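The structure appears below as structure tokens.
The values are calculated or read from the model by the stated rules, or taken from the named source; none is laboratory data. For clarity, every value in this text was computed on a predicted model and none was experimentally measured. So basically every Cβ, Gly included, is an ideal-geometry build from the backbone, and we count neighbours across all protein chains shown. Note: accessible area is taken over every heavy atom of the protein model, side chains too, but ligands, DNA and RNA are not part of it. Shrake-Rupley method; radii C 1.70, N 1.55, O 1.52, S 1.80 Å.
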Amino acid sequence: KEKYSFKEIETKWQKIWDDMGLHKVKDDRSKPKYYALEMFPYPSGNLHMGHVRNYSIGDVVARFKTMQGYNVLHPMGWDAFGLPAENAAIKHGVPPARWTLSNIENMRNQLKRLGFSYDWEREVTTCLPDYYKWTQWLFLLFYKRGLAYKKKSAVNWCPDCMTVLANEQVVNGACERCGAQVGKKELAQWFFKITDYADRLLKDIELLKGWPDKVKIMQENWIGRSEGAEVRFKVAETDDEITVYTTRPDTIYGVTFMVLAPEHPLVEKLTRGTAYEAAATEFVQKAQALNEIARTSGDNEKEGLFIGAHVINPLTGEKIPLYIANYVLMDYGTGAVMGVPAHDQRDFDFATKYNLPIRPVIVPEGTEPPAVMEEAFEAQGIMINSGPFNGLPNEEALNKIIKYMEEKGIGRGTVNFRLRDWLISRQRYWGAPIPIIYCDKCGTVPVPEEQLPVMLPDDVEFKPTGQSPLAECPSFVNTTCPTCGGPAKRETDTMDTFICSSWYFLRYCSPHATEVAFERAAVDYWMPVEQYIGGVEHAILHLLYSRFFAKVLYDAGLVGFEEPFTNLLTQGMVLKDGAKMSKSKGNVVSPEEIVAKYGADTARLFILFAAPPERDLEWSDQGVEGAFRFLNRVWRLVYNYVSGLDDTAHVEEMAPTDREMRRITHVTIKRVTDDISQRFNFNTAISAIMEMVNALYQYRDKNERRNSAVEAEAMNSLILLLAPFAPHIAEELWHELGFTDSVHTQPWPKYDPAATVQDEVEIVIQINGKVKERMMAPASLDAGGLQQFAMDQESVQKLIEGKQVVKVVAVPKKLVNIVVK
Ligand code: ANZ
Ligand code: ZN
């Protein structure tokens, strides 16, 4: 008992909590609710420090809110479908289900060893049929609402392995497995029509008051709304027309060339049978090998090719050359760009490289255009070289030109989004099968709801080559048509795992529902999530998809909210030696080791103390040692107190030092409460607790007689404040203090505002700069008041008796120096 035996204490309490069902959610809907949610992990095999950080933060929030009297939902589960399980199957021959479930088993034990307050009876595992049945049901809901459709789209294709590759399996354009050059292949694939919701997803960002600005900006940019115009240009040599999308119709008099995306359908048509055909075909193939990011980034070398045709500028009648170039994307705007080198830097680079004219049409007010432009002028200014629009500010000209083009039928104002529809097809085994059947007679037939789930078959082979294992599994593929009963084939694509994670937070509300994906009443009570916590790497896709799901379900009348996450906290990374802690960097500190050596409470306390949650955290062995020493210090403090090791006379009456100890207790309660609830500043909350421990040691060491009530209040408060951060040691010491209920079911301590006011402070009396005496003085006195107070004291009168006072200097709350002769 004299020694802090963390292992014994932690495993003991974990068992007791489990047995008594401490963390079981009480469905007491009369209490105010609080939904604390952390992003569920992918079951890769082992917890890493990033998980420990994420879940330690969430656990403080959940425990704190519980003590504040909320009915708290704090669940955990597994984002369990995905590629690594399938790769493991190919490599080691373990079936993905077995690999995944044994990883879950291991990681669940690691989470339990850390003592997080999850209600494990609500655990959700996305790869189990009782979950993916409802993922499939949701797919059908989207399908029925016209939000799921099939369209041809390119996939990465390895010609040697004859297989589809996920983006992460393509390394520098080569197949991760065999090193062959990866190409593209067109496949009919399923999409979710998220673009139908682009406007609402954008507009409702303003409702997300409790989200970090940076995440909101990332979402905004991803949705990428822009206003501009579509303008039609006639091809000079044929009857074809090309429509461009531009955000700058004000620059149309400065167009000196046009560029098409290499994949633009007109490219083939315009070059077929011409001298340009061979070169164009080769160019297209090369451009497709580059990915989108590389193609549009500013530093990418702009490569282009003249394809032998021209277009007519509809405003000037001018004939300009037509190019294809790698920086123009087919699936943005119209896949065609009007080149304005004077006012767009990418066009400027292109024109410079291919010797095309650069004609300014906007200049800064009151200036002449330069003889030679060094770079594009992208700012606002006054129109020149633009016929009837000369002299206007360009922003005004922009609207006038749109209006003019609309009147002439040349073009029209449009809004464009960068957001694309969500490609959800994966040519993979380990995902939720898309519940669709193809019948020669009836066409595409959704699987009837009562036939769900479409189960993943077990009798599949994982070979390093070939297509999706599902496509090669006849018992899966061959089925009967639900409509006509004739022979039919199943869809063999599975769903993107982002679909599974777009609704798991709803499933937690009624995890065992067998007739519905989620019970309306449960969701009405628990949703939306008050506090969502996770890594910033999910700031775009996961959060956007979850918001999209919420809106679709809202429109379907299945939920009553449109935004699922009221507050969002994105935690920083865990670094070691300045770099992200990661396997590939070889700088990993394993949570298991730390827990074995110091215990879960130390691991958690260190992680919470080392940095505010949103900042990156630098791992430090000394820091861990420090957290461990602190807990030992708390242990000894309370242990010595309860075992009366320093038996001191206890008094009823409060002396100034007692009052000061009481003040520190209440100030600490206030600081910790504010730090947790207002700012999530766990690090400063913990340092407040540390200061309190120091003060308690001082109080005990310096006072022969102490006030028993003050000391007891301080000890009890200390343990209550510590409980969300270091739950095991807090529970043990709470019982040492003589309580029989769990510390985690106690109400959060309240502070008395009056007690936080420092009413007396110790001041020093100096004569000619030498300390003569210490005394308590009212803390509220200003310099003049303090001087008066000091001079009135009998003891001070004695000190200056018979001497002549030359000068008195008083520093409020600190000292009074009397200069005498
Ligand atoms: C002429 C122009 C002049 C442009 C100028 C810009 C500045 P945002 O704002 O991101 O929507 N663009 C259009 N479609 C494109 C495509 N498929 N691939 C690459 N670039 C494309 O960008 C819209 C602008 O990006 C458009 O306005 C077009 O160039 C280019 F001084 O048209 B602009
Ligand atoms: Zn049929």
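General observations
- For the stretch 465-502, a tally of residues being away from ligand 2 (no atom under 16 Å from the Cβ), open to solvent by 50 Å² or more (accessible area, probe 1.4 Å) and not in a loop (DSSP other than H, G, I, E, B) returns 3.
- Restricting the stretch 768-821 to residues that are among the polar types (S, T, N, Q) and open to solvent by 60 Å² or more (accessible area, probe 1.4 Å) leaves a set whose member that is farthest from PRO656 (Cα to Cα) is GLN804.
- For the stretch 190-236, residues that are outside any strand (DSSP E or B) and under 30 Å from ARG428 (Cβ atoms) total 14.
- Taking the criterion of being among the small types (Gly, Ala, Ser) and either open to solvent by 50 Å² or more (accessible area, probe 1.4 Å) or closer than 15 Å to MET690 by Cα (or both), the residues of the stretch 600-639 that qualify are ALA610, GLY623, GLY626, ALA627.
- Extreme residue, nearest to ligand 1 (Cβ to nearest atom), among residues of the stretch 416-451 that are open to solvent by 70 Å² or more (accessible area, probe 1.4 Å) and at pLDDT below 95: ARG418
- Condition met for PRO357 (in contact (Cβ under 8 Å) with a residue 24 or more places away in the chain, in contact with a helix residue (DSSP H, G or I) (Cβ under 9 Å, 6 or more places away or on another chain), within 21 Å of ILE312 (Cβ to Cβ) and open to solvent by 60 Å² or more (accessible area, probe 1.4 Å)): yes
- Among the residues of the stretch 360-386, the ones that are under 13 Å from ALA397 (Cβ atoms) and open to solvent by 50 Å² or more (accessible area, probe 1.4 Å) come to 2 in all.
- Residue in the stretch 138-145 that is more than 26 Å from the chain's Cα centre (by Cα), more than 22 Å from ALA97 (Cβ to Cβ) and hydrophobic (A, V, I, L, M, F, W, C) present: yes
- Among residues of the stretch 690-711, those that are closer than 16 Å to ARG663 by Cβ and either touching a Ser or Thr at 6+ places or on another chain (Cβ under 8 Å) or open to solvent by less than 30 Å² (accessible area, probe 1.4 Å) (or both), counted: 12
- Flag if PHE505 is open to solvent by 10 Å² or more (accessible area, probe 1.4 Å), within 24 Å of CYS127 (Cβ to Cβ) and either touching a residue at least 12 places away in the same chain (Cβ under 8 Å) or outside any loop (DSSP other than H, G, I, E, B) (or both): no
- Matching residues in the stretch 492-502 - criterion: being over 17 Å from PRO453 (Cα atoms) and in contact with a Ser or Thr (Cβ under 8 Å, 6 or more places away or on another chain): SER501, SER502
- Test: residue in the stretch 199-207 that is more than 16 Å from ligand 1 (Cβ to nearest atom), touching a Phe, Trp or Tyr at 6+ places or on another chain (Cβ under 7 Å) and of a type outside the set (Val, Ile, Thr): yes
- Check on PHE462, assigned to a helix (DSSP H, G or I), away from ligand 2 (no atom under 16 Å from the Cβ), surrounded by 17 or more Cβ atoms within 10 Å (Cβ to Cβ) and not β-branched (Val, Ile, Thr): no
- Hey, GLY93 of a type in the set (Gly, Ala, Ser) and in contact with a helix residue (DSSP H, G or I) (Cβ under 7 Å, 6 or more places away or on another chain) or not: no
- If the condition is being within 12 Å of ligand 1 (Cβ to nearest atom) and of a type in the set (Gly, Ala, Ser), then the stretch 234-286 contributes GLY254, ALA261.
- Filtered by the rule that a residue be within 17 Å of GLU762 (Cα to Cα) and more than 60 Å from the chain's Cα centre (by Cα), the stretch 795-817 gives SER795, VAL796.
- A count restricted to the stretch 140-179 and to residues that are assigned to a loop (DSSP other than H, G, I, E, B), hydrophobic (A, V, I, L, M, F, W, C) and under 18 Å from LYS463 (Cα atoms) stands at 4.
- Within the stretch 409-427, the set of residues being within 12 Å of MET495 (Cα to Cα) and either in contact with a Pro (Cβ under 8 Å, 6 or more places away or on another chain) or of a type in the set (S, T, N, Q) (or both) comprises SER425, GLN427.
- So ASN681, is it open to solvent by 10 Å² or more (accessible area, probe 1.4 Å) and under 26 Å from GLU614 (Cα atoms): yes
- Any pair with Cβ under 8 angstrom, 6 or more apart, that starts in the stretch 61-89 at a residue that is under 21 Å from GLN110 (Cα atoms) and of a type in the set (Asp, Glu) and ends at one that is open to solvent by 10 Å² or more (accessible area, probe 1.4 Å) and in a loop (DSSP other than H, G, I, E, B): ASP79/PHE40; ASP79/TYR42
- Candidates are the residues of the stretch 755-767 that are of a type in the set (A, V, I, L, M) and within 30 Å of ARG671 (Cβ to Cβ); the one that is most open to solvent (accessible area, probe 1.4 Å) is VAL757.
- Exactly one residue among PHE682, PHE725, PHE739 is free of Cβ contacts under 8 Å to residues at least 24 places away in the same chain and of a type in the set (Phe, Trp, Tyr), and that residue is PHE739.
- Exactly one residue out of ARG359, ARG420, ARG412 is within 30 Å of SER468 (Cβ to Cβ) and basic (Lys, Arg), and it is ARG420.
- Considering the conditions (1) within 24 Å of the chain's Cα centre (by Cα); (2) at pLDDT below 95; (3) not in a helix (DSSP H, G or I), PRO84 is excluded by exactly one of them, (3).
- Selection from the stretch 33-67 of residues that are under 20 Å from SER501 (Cα atoms) and part of a strand (DSSP E or B): TYR35, ALA36, LEU37, GLU38
- Unmet requirement for ALA62, which otherwise passes all of (1) modelled with pLDDT of 95 or more; (2) surrounded by fewer than 23 Cβ atoms within 10 Å (Cβ to Cβ): (2)
- Annotation: of all residues in the stretch 323-354 being under 16 Å from ALA309 (Cβ atoms) and touching a helix residue (DSSP H, G or I) at 6+ places or on another chain (Cβ under 8 Å), the one that is nearest to ligand 2 (Cβ to nearest atom) is ILE324.
- The stretch 761-781 residues that are closer than 12 Å to ILE818 by Cα, paired with ones that are part of a strand (DSSP E or B) and of a type in the set (Gly, Ala, Ser) (beta carbon under 9 Å, 6 or more apart): none
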